[in-house]
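The values are calculated or read from the model by the stated rules, or taken from the named source; none is laboratory data. Remember, it's a predicted structure, so these values are computed and weren't measured experimentally. Backbone-built Cβ (ideal geometry, glycine too); neighbour counts: all protein chains shown. When the accessible area is computed, the model is the full protein with side chains, heavy atoms only, and any ligands, DNA or RNA have been set aside. Shrake-Rupley method; radii C 1.70, N 1.55, O 1.52, S 1.80 Å.
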Amino acid sequence: MLSPMPPARPLDAIDRDILRLLQTDGRASVRSVAERVHVSRANAYARINRLIDDGVIRGFGARVNHERAGHGASAYITLKIVQNSWRTVRAQLQALPGAAHIALVSGDFDVLLLVHTPDNRTLRELVLTRLQSIPEVLSTRTLLVFEETDLDPYPDRLD
């Protein structure tokens, strides 16, 4: 069972600037972050730790160019699932090779899944063999991604 998260605190402009900097460069030093947002190192360190403790920052990672990394086919796949089967389906989707994002949504379908695969043949196998063999999955629809652009989540830049 997940431990309860503290209540969400509003983010101020400095918090948002820190998040933008770390999203752009997750390897930025605390010193560099402090200089860019014009606070002391101790203040930057405390804010980053608070953002981690509050669950705002879930982790640090690399932004991958999937095509250059050998995953030339990407798709959003919508799924209709059996009512009340979300937890079971989610566990099976998390185990899929290439699964990048899973969301329970409202509307004409129940789940939105983003996958990255080496090629269309692998994508086809993932959909027709792996996804459609999950008993709780009633139907799927595959939307091929032709091009992706990462957006800056905080467009009010420091620069």
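Label sites at Ser40 and Leu138, each approximated as a point 7 angstrom past Cα along Cα to Cβ, lie 5.9 nm apart. The residues of the chain have, on average, 70 Å² of accessible surface per residue, using a 1.4 Å probe with all protein chains present. Atom-type composition of the exposed protein surface of segment 1-134 places 50 percent of the accessible area on carbon and sulfur (1.4 angstrom probe).
Label 7 Å along Cα→Cβ of Glu148; segment 51-90 residues with amide nitrogen under 16 Å? Once the point is set 7 Å along Cα→Cβ of Glu148, 61-78 turn out to lie under 16 Å by backbone N, inside segment 51-90.
The modelled label-to-label distance between Leu128 and Asn65, using points 7 Å beyond Cα along the C-beta direction, is 3.2 nm.
Normalising by the residue count of the chain, find the relative contact order in percent from Cα pairs under 8 Å and 6+ residues apart. Please list the in-between numbers first.
Working: 175 pairs, mean separation 39.0, N = 159.
Relative contact order here is 25 percent.
Helix content alone sets the calculated 222 nm mean residue ellipticity of the chain: runs of n ≥ 4 DSSP H residues at -39500 (n - 2.57) each, divided across all residues, give -8500 deg cm²/dmol.
Split the chain at each of the trypsin sites (Lys or Arg not before Pro) in a DSSP loop with at most 15 other beta carbon atoms within 10 Å, and the longest piece is 69-156. Placing +1 on the Cβ of every Lys and Arg and -1 on the Cβ of every Asp and Glu, with no other charges, gives the chain a dipole of roughly 400 debye about its Cα centre. Positive-end ranking of Ala95, Ala69, Ser106 along the dipole of segment 2-159, with charges on Cβ about the Cα centre, is headed by Ala95.
Of the listed residues Thr129, Thr149, Thr78, Thr140, the order by accessible area with a 1.4 Å probe, largest first, is Thr149, Thr129, Thr140, Thr78. Sorting Asp54, Asp108, Asp119, Asp15 on solvent-accessible area from highest to lowest, probe radius 1.4 Å, gives Asp108, Asp119, Asp54, Asp15.
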